[in-house]
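Beneath this line is the structure, given in structure tokens, with notes to follow.
The values are calculated or read from the model by the stated rules, or taken from the named source; none is laboratory data. Given the structure is predicted, the values throughout are model-derived calculations rather than measurements. Note that each Cβ is placed from the backbone with ideal geometry, even for glycine, and that neighbours are counted across all protein chains shown.
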Amino acid sequence: MSQPLIEIKNLSAGVNGKQILKGINLVVRPGEVHAIMGPNGSGKSTLGYVLAGRKGYDVTGGSVIYDGKDLIALPPEDRAREGLFLAFQYPVEIPGVNNTYFLRAAYNEQRKHRGLEEMDAVDFLTIVKEKMKLLELPEGMLKRAVNEGFSGGEKKRNEIFQMAVLDPKLAILDETDSGLDIDALRIVAEGVNKLKRPDNASIVITHYQRLLNYIVPDFVHVLWNGQIIKSGGKDLALELEEKGYDWLIGKTAK
Amino acid sequence: MTQTKTKSVSENAAHLAAAETFAASAPGPDWLRNLRRNGVTHFTELGFPTTKLEDWIYCNVAPITKLAFRPATSAGTDVTAQQLAPFAFPGWTGSRLVFVNGHFSPALSSLPAPQPGVTITNLATALASGDQLIESHLAHHAGVDASGFSALNTAFIADGAFIALAPNTIAAGPVHLLFVSAPGDTANTAQPRNLLVAGANSSVKVVEHYVSLGGTAHFTNAITEIAVGEGAHLEHAKFQEENLEAFHVATVQVTLARDSRFLSHSISTGAKLARHNINLVMTGQGVDCVMNGLYAVGGKQLVDHHTVADHAVPHCGSHEYYHGILGGHSRGVFNGKIFVRKDAQKTDAKQTSRNLLVTDNATVNAKPQLEILADDVKCTHGATVGQLNDEALFYCRSRGLDEVSARRLLTHAFASEIVNRITVEPVREHLEQVLWGRLEELIEKK
């Protein structure tokens, strides 16, 4: 079995002193897709933010080893430069910043970090156009300000587009399916599948089983009250779809 | 009370004496000489505004009154074309009228090729040629008694830009009006008076640009009057980048006739104290106007914008966007008035004022002021003061930008939202260069 890409051990974290994650254990290896499911408020988005390094999400215990490094010790930009990518549940609008300009700035920061030369606008555009085709995105999107005035679906597609260009080792998709109609969902999911390689991995956080019809996970974990209370294969998602979460939650409550 | 009056008279004494002398001796037709005397009379009554007046509550002009008052009487010949190189817009091929200390310098200017129906010249020349338009417009838009500064400017009317378009003419290119202050022993005060008259269905773009040579204190007291005829389109950009010891007080007073379009920009980065009054009066239906503004200041600078959108008649739209970026111990003031008069039904007025404080010591007073006397109107306003959005910062960092780069990007974007509304590309480019430098200073000195 290959080395883990990320190894989360007994991770506890909170916001404003309130404990939300209470001992998470998770190992993701290259080539794997892990789905994290759970009802609202179980800590799914917090896990995404903690891994990406959002200010105010404080780790209170445990450890996260990512690609051989202590992830928690790195500032958010270094996590990104080391190949970790968070697709936001609510992507942020940045009026006045051109989408392509933003993406090239990010792309070049990551290249610099890896000791590569910065890429000029012309070469970058070639990459960008190739990825846009892959995701069936309209070119007009490139000229607009980052997420400004985008519909919910456009914002989510823009996240996946950024992911495609930045080519992360580990992508965390935080409820990328929420607010998408079925066509948009299919496009987003196909994009994710096309980007899948033996040397990268993804953690798909979702509330619904629906997305997992398109992105087939290798493992499914159920998060409840800050802990993973059940793990299984892709069939677990179907079981959850059928029975809901109550049978699991009830089990732990007792 | 008596004491206050005595004090104010003594502070004005030098200004008043100079104004009286000028108004008594300066040449011109009778109506103009009367107008200047009228300015003297009102200045005698008003003096300089004090912070007791509501419109000047956050803008203490006492330092201006303490600066020796040496109004320029001519452009002089000391300024060279080379000194003006930093103020040229990249790739600019249009005309440029240069005013040194408020007076036209033919040697430094490049006038546009003659175009039928289009007059682009300086006020002194136009007055000498007896242009009738001047008498019927000068001081008809801006009130002599709007403030002591207006009265003083009027007492000293001599030169400035004069642009007139006959009906149905479209100016061949944009016009750059460069006002250079070159403070020295003989002159440290410029009081240009500009007049733009756009006939029905005419169109022109004008850039009013204020700069300094050297770093010593000087005083600019400018008034620009603009009459936009029926169906005419006018874009007016004002950019103030004077030195950090300068005092800048200026009014742009605009009268908008039926179905006209007016796009106003005010970008202010310079001066120790800058006060901009921008007043738009809609006198005919179907007017559409935009007021777009940006100030980026640091150190101990004070920048004050007072704007008025006066909806005197129905069916007009005004949209106002002002952004402020404040560092150091600087202070910003935004006071945006929207008047909707009794009969001005179906008015659509929108105002937003957003301010970004880069340091803890910077302050802003943002005050929307709505007076609505009609009942079937749409008026909205919003004012915000704060720091960069944490979420946006995290978003940038999560993509690989470090914190300083993320701040720089977001601050620049905040400025770009305003600059991008300027339709003349070389002006935008120049502004971006100046602003980039300014914002770098503000962020670094944080």
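If you filter segment B:210-225 down to residues that are buried (at least 23 other Cβ atoms within 10 Å of the Cβ) and within 12 Å of the chain's Cα centre (by Cα), you find that the one that is nearest to residue B:269 (Cα to Cα) is B:210.
Exactly one residue out of A:170, A:180, A:142, A:134 is within 25 Å of residue A:69 (Cβ to Cβ) and either in contact with a Cys (Cβ under 8 Å, 6 or more places away or on another chain) or of a type in the set (A, V, I, L, M, F, W, C) (or both), and it is A:170.
Close contacts from segment B:246-263, counting a first residue that is more than 16 Å from residue B:141 (Cβ to Cβ) and a second that is aromatic (Phe, Trp, Tyr), with Cβ to Cβ under 6 Å and a gap of 6+ residues or different chains, come to B:247/B:219; B:249/B:149. Take the residues of segment B:434-445 that are away from every other protein chain (no Cβ under 14 Å) and of a type in the set (A, V, I, L, M): which is nearest to residue A:74 (Cα to Cα)? Filtering first and then ranking leaves B:443. The condition of being in contact with a helix residue (DSSP H, G or I) (Cβ under 9 Å, 6 or more places away or on another chain), over 15 Å from residue A:222 (Cβ atoms) and surrounded by fewer than 22 Cβ atoms within 10 Å (Cβ to Cβ) holds for residue A:75. Residue count for segment B:409-418 satisfying the condition of being more than 7 Å from chain A (Cβ to nearest Cβ), surrounded by fewer than 21 Cβ atoms within 10 Å (Cβ to Cβ) and touching a residue at least 60 places away in the same chain (Cβ under 8 Å): 0. Among the residues of segment A:88-110, just one is more than 9 Å from every other protein chain (Cβ to nearest Cβ) and within 21 Å of residue A:50 (Cα to Cα), namely A:89. Tallying residues that are under 23 Å from residue A:92 (Cβ atoms), surrounded by fewer than 21 Cβ atoms within 10 Å (Cβ to Cβ) and not basic (Lys, Arg) within segment B:437-446 yields 1. Taking the conditions (1) over 15 Å from residue A:163 (Cα atoms); (2) outside any loop (DSSP other than H, G, I, E, B); (3) within 14 Å of another protein chain (Cβ to nearest Cβ) in turn, residue A:85 satisfies each one other than (1). Cβ-Cβ distances below 9 Å connect the following pairs, each with a first residue in segment B:383-404 that is facing chain A (nearest Cβ under 7 Å) and buried (at least 21 other Cβ atoms within 10 Å of the Cβ), a second residue that is assigned to a helix (DSSP H, G or I) and of a type in the set (Phe, Trp, Tyr), and a separation of six or more residues or different chains: B:394/A:49; B:399/A:102; B:399/A:107; B:400/A:107; B:401/A:102. May I ask you to list the residues in segment A:181-214 that are in contact with a strand residue (DSSP E or B) (Cβ under 8 Å, 6 or more places away or on another chain) and among the β-branched types (Val, Ile, Thr)? A:192, A:203, A:204, A:205, A:206 - these are the residues of segment A:181-214 that are in contact with a strand residue (DSSP E or B) (Cβ under 8 Å, 6 or more places away or on another chain) and among the β-branched types (Val, Ile, Thr). With respect to (1) among the charged types (D, E, K, R); (2) more than 26 Å from residue B:79 (Cα to Cα); (3) under 12 Å from the mean Cα position of the chain (by Cα), the lone exception for residue B:258 is condition (3).
Report whether or not residue B:68 is in a loop (DSSP other than H, G, I, E, B) and in contact with a helix residue (DSSP H, G or I) (Cβ under 8 Å, 6 or more places away or on another chain). Criteria met by residue B:68.
Could you list, in sequence order, the residues of segment A:181-201 that are buried (at least 20 other Cβ atoms within 10 Å of the Cβ) and in contact (Cβ under 8 Å) with a residue 60 or more places away in the chain? Result: A:201, single match.
In the condition set (1) surrounded by fewer than 19 Cβ atoms within 10 Å (Cβ to Cβ); (2) on the phi < 0 side of the Ramachandran plot, residue B:147 is compliant with all but (1).
Can you find even one residue in segment A:148-157 that is of a type outside the set (Gly, Ala, Ser), touching a residue at least 60 places away in the same chain (Cβ under 8 Å), on the phi > 0 side of the Ramachandran plot and away from every other protein chain (no Cβ under 12 Å)?
No; the residues of segment A:148-157 include none that is of a type outside the set (Gly, Ala, Ser), touching a residue at least 60 places away in the same chain (Cβ under 8 Å), on the phi > 0 side of the Ramachandran plot and away from every other protein chain (no Cβ under 12 Å).
The rows are residues; the columns are (1) acidic (Asp, Glu); (2) within 12 Å of the chain's Cα centre (by Cα).
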| position | (1), (2) |
| --- | --- |
| B:232 | no, no |
| B:242 | yes, no |
| B:248 | no, yes |
| B:279 | no, yes |
| B:302 | no, no |
| B:305 | no, yes |
| B:311 | no, no |
| B:337 | no, no |
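Residues in segment B:263-308 that are β-branched (Val, Ile, Thr), farther than 26 Å from residue B:413 by Cβ and out of contact with any Lys or Arg (no Cβ under 6 Å at 6 or more places or on another chain): B:281, B:283, B:287. How many residues does segment B:225-237 contain that are free of Cβ contacts under 8 Å to residues at least 40 places away in the same chain and in a strand (DSSP E or B)? Residues in segment B:225-237 being free of Cβ contacts under 8 Å to residues at least 40 places away in the same chain and in a strand (DSSP E or B): 3 in total.
Scanning segment B:317-335 for residues that are without any contact (Cβ under 8 Å) to a residue 40 or more places away in the chain and part of a loop (DSSP other than H, G, I, E, B) returns B:329, B:330. Against the criterion of being at positive phi and not acidic (Asp, Glu), residue A:68 qualifies. Looking only at segment A:69-82, residues that are more than 14 Å from every other protein chain (Cβ to nearest Cβ) and more than 12 Å from residue A:52 (Cβ to Cβ) come to 3 in all. Select, from B:431, B:373, the only residue that is within 22 Å of residue A:145 (Cα to Cα) and either surrounded by fewer than 19 Cβ atoms within 10 Å (Cβ to Cβ) or within 14 Å of chain A (Cβ to nearest Cβ) (or both). Selected residue: B:431, the only one of B:431, B:373 that is within 22 Å of residue A:145 (Cα to Cα) and either surrounded by fewer than 19 Cβ atoms within 10 Å (Cβ to Cβ) or within 14 Å of chain A (Cβ to nearest Cβ) (or both). Each residue in segment B:151-187 was checked for being under 30 Å from residue B:201 (Cα atoms) and crowded, with 19+ Cβ neighbours inside 10 Å, and 18 pass. Of the residues making up segment B:193-209, at least one is modelled with pLDDT of 95 or more, crowded, with 23+ Cβ neighbours inside 10 Å and closer than 14 Å to residue B:101 by Cβ.
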